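The values are calculated or read from the model by the stated rules, or taken from the named source; none is laboratory data. All figures in this text were calculated on a predicted structure; none of them were measured in a lab. Here the Cβ positions follow ideal geometry from the backbone for every residue, glycine too, while neighbour counts run over all protein chains shown.
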Amino acid sequence: MRTRELLKLHNTGHQGINALFAKAHSADWDIERDVDWSLPIDADDPLVDHEWGAFAKTPTFQALPENAKTHATRRGLGRILNILQVGESVAQDVCAKIALVVREEDYRNHAVAQAMDEARHHLAYRRFIEKMNEEVEDIDMGTEMTLDALLASNDPLTLIATEQFFLESLAMSIFERIQRHARHPLLKDIITLITRDESRHMGFGILYVAEWMRRHSHEDQVAFARQWLGQILSIVSDQPGPIMLTRLLQRLQEAGVDNAHQLGDQMLREQREINTREITQASTGERVPHLLKSARRAGLLKPAILEELGLQKHPLIVGALRSPGDTEAPVASAP
Ligand SMILES: [Fe+2]
Ligand SMILES: [Fe+2]
């Protein structure tokens, strides 16, 4: 980039995206003053309701001794917070890169404002983990590979579609779930403030993709939707199963549950019924994941695209189209 190129930066004039930059300031928060870091975190505090964890709704898990449930819940939360703290650092890198590679003034502005948010989120999670005062479980290989692939990209569409559109929509469901179940006031405050910022970031992803779709041919739109709907449907259908169970059984063994493996088979059977119920809720539109709402709002679920991809009758797509109330006009409208 040279000075000459920066002399007359083009603003797309998109009201929604320009408004996000202003909102980044008016909805800002102070990591030192707006949350109370003096609150203690006790070693035996599960920090979230036991029901938060995978398999925690199964009768077998619920019948476990209190200390085992607490240990498993807290270890699970620590693992997720560790993924989130590194995810925030990745997001900060991605935003710094977006600011350097995009030419549109409003897109650059959003990216630098978001980078500041991500730095604060990273710090908040890292400090919270430090206060938990325990070694957290490592992140998994799949997550690491996804984040590495993102960090290696220099293409604005790939960066924004992966970070703001896909990962932040995915993360939004994780944040809302922690927020719903948080018991510790510091955790609740942090996650509430972070979720507020993240909804803005996700908003940018949706608006950017919607604009990109609007400016590209039907063939390009179909190719984009094929790639992303494939990933979205596979993530949304990925419910608690054997891999998550392995981690839970490890935690239960650490807590002194000696028949953990035997209980595991039972939990897996019970969880399958819960999984079926939850998929049914998604396919009736009763509870639609953010990933599918974002896909819909960005225009990926248009009839012509779905027809070409043969997805018109996919139960999760049918559910996403059935759910009322998220056809917010500013997202779909042109600048
Ligand atoms: Fe963040
Ligand atoms: Fe974010």
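Report yes if some residue within segment 123-132 is more than 14 Å from ligand 2 (Cβ to nearest atom), out of contact with any His (no Cβ under 7 Å at 6 or more places or on another chain) and part of a loop (DSSP other than H, G, I, E, B); otherwise report no.
Among the residues of segment 123-132, not one is more than 14 Å from ligand 2 (Cβ to nearest atom), out of contact with any His (no Cβ under 7 Å at 6 or more places or on another chain) and part of a loop (DSSP other than H, G, I, E, B), which makes the answer no.
I'm checking my understanding of the structure. Among residues of segment 135-191 that are β-branched (V, I, T) and more than 27 Å from W212 (Cβ to Cβ), which one is farthest from ligand 1 (Cβ to nearest atom)? Quick ask: steps written out before the conclusion?
First, the residues of segment 135-191 that are β-branched (V, I, T): 136, 139, 143, 146, 158, 160, 162, 174, 178, 190-191.
Checking which are more than 27 Å from W212 (Cβ to Cβ) leaves us with 136, 139, 178, 190-191.
Details: V136: 18, I139: 16, I178: 13, I190: 11, I191: 11 Å.
Taking the candidates together, the pick is V136.
Specify which of the listed residues (R277, R296) is closer than 25 Å to L77 by Cα, out of contact with any Gly (no Cβ under 7 Å at 6 or more places or on another chain) and without any contact (Cβ under 8 Å) to a residue 40 or more places away in the chain.
The unique qualifying residue is R277.
Please name all residue pairs, on different chains or six or more residues apart, with Cβ atoms under 6 Å, provided the first residue is in segment 195-206 and is of a type in the set (A, V, I, L, M) and the second residue is near ligand 2 (Cβ under 8 Å from one of its atoms).
M202/E168
Since N154 meets every condition but one in (1) assigned to a helix (DSSP H, G or I); (2) surrounded by fewer than 18 Cβ atoms within 10 Å (Cβ to Cβ), which condition does it not meet?
(1)
Here is a yes/no grid of residues against (1) in a loop (DSSP other than H, G, I, E, B); (2) touching a Ser or Thr at 6+ places or on another chain (Cβ under 6 Å); (3) of a type in the set (A, V, I, L, M, F, W, C):
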position	(1), (2), (3)
A19	no, no, yes
A22	no, no, yes
D28	yes, no, no
V35	yes, no, yes
P40	yes, no, no
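Kindly provide the set of residues from segment 240-291 that are surrounded by 13 or more Cβ atoms within 10 Å (Cβ to Cβ) and at positive phi, ordered by number.
Within segment 240-291, just G285 meets the criteria.
Being of a type in the set (K, R) and outside any helix (DSSP H, G or I) is the filter here, so list the residues in segment 62-120 that pass it.
Our first condition is that a residue be of a type in the set (K, R); within segment 62-120, this holds for 69, 74-75, 79, 97, 103, 108, 120.
R103 - this is the single residue of segment 62-120 that is of a type in the set (K, R) and outside any helix (DSSP H, G or I).
Inspect all residues belonging to segment 15-22 and state whether any of them is touching a residue at least 60 places away in the same chain (Cβ under 8 Å), within 30 Å of R251 (Cα to Cα) and either of a type in the set (V, I, T) or out of contact with any His (no Cβ under 9 Å at 6 or more places or on another chain) (or both).
There is no residue in segment 15-22 that is touching a residue at least 60 places away in the same chain (Cβ under 8 Å), within 30 Å of R251 (Cα to Cα) and either of a type in the set (V, I, T) or out of contact with any His (no Cβ under 9 Å at 6 or more places or on another chain) (or both).
Taking only segment 89-141 into account, find how many residues are among the aliphatic types (A, V, I, L, M) and in contact with a Phe, Trp or Tyr (Cβ under 8 Å, 6 or more places away or on another chain).
Selection size over segment 89-141: 2.
Do we find that F204 is part of a helix (DSSP H, G or I), within 16 Å of ligand 1 (Cβ to nearest atom), farther than 16 Å from R79 by Cβ and not acidic (D, E) in this structure?
In short, yes.
Identify the residue in segment 78-108 that is acidic (D, E) and within 14 Å of ligand 2 (Cβ to nearest atom) and, among all such residues, is surrounded by the most Cβ atoms within 10 Å (Cβ to Cβ).
E88
For every residue, the table says whether it meets (1) touching a strand residue (DSSP E or B) at 6+ places or on another chain (Cβ under 7 Å); (2) more than 14 Å from ligand 1 (Cβ to nearest atom); (3) more than 20 Å from F166 (Cα to Cα).
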{"position": "W52", "(1), (2), (3)": "no, yes, yes"}
{"position": "P65", "(1), (2), (3)": "no, yes, yes"}
{"position": "G78", "(1), (2), (3)": "no, yes, yes"}
{"position": "I83", "(1), (2), (3)": "no, no, no"}
{"position": "V86", "(1), (2), (3)": "no, no, no"}
{"position": "V94", "(1), (2), (3)": "no, no, no"}
{"position": "L100", "(1), (2), (3)": "no, yes, yes"}
{"position": "E104", "(1), (2), (3)": "yes, yes, yes"}
{"position": "N109", "(1), (2), (3)": "no, yes, yes"}
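Please specify each residue of segment 214-250 satisfying the condition of being under 17 Å from the mean Cα position of the chain (by Cα) and of a type in the set (S, T, Y).
Scanning segment 214-250 gives S234, S237.
For segment 109-127, give me the residue count where each residue is hydrophobic (A, V, I, L, M, F, W, C), surrounded by fewer than 22 Cβ atoms within 10 Å (Cβ to Cβ) and over 17 Å from D34 (Cβ atoms).
2
Here is a list: D148, D140, D155. Which entry is under 25 Å from L233 (Cα atoms) and at pLDDT below 95?
D140
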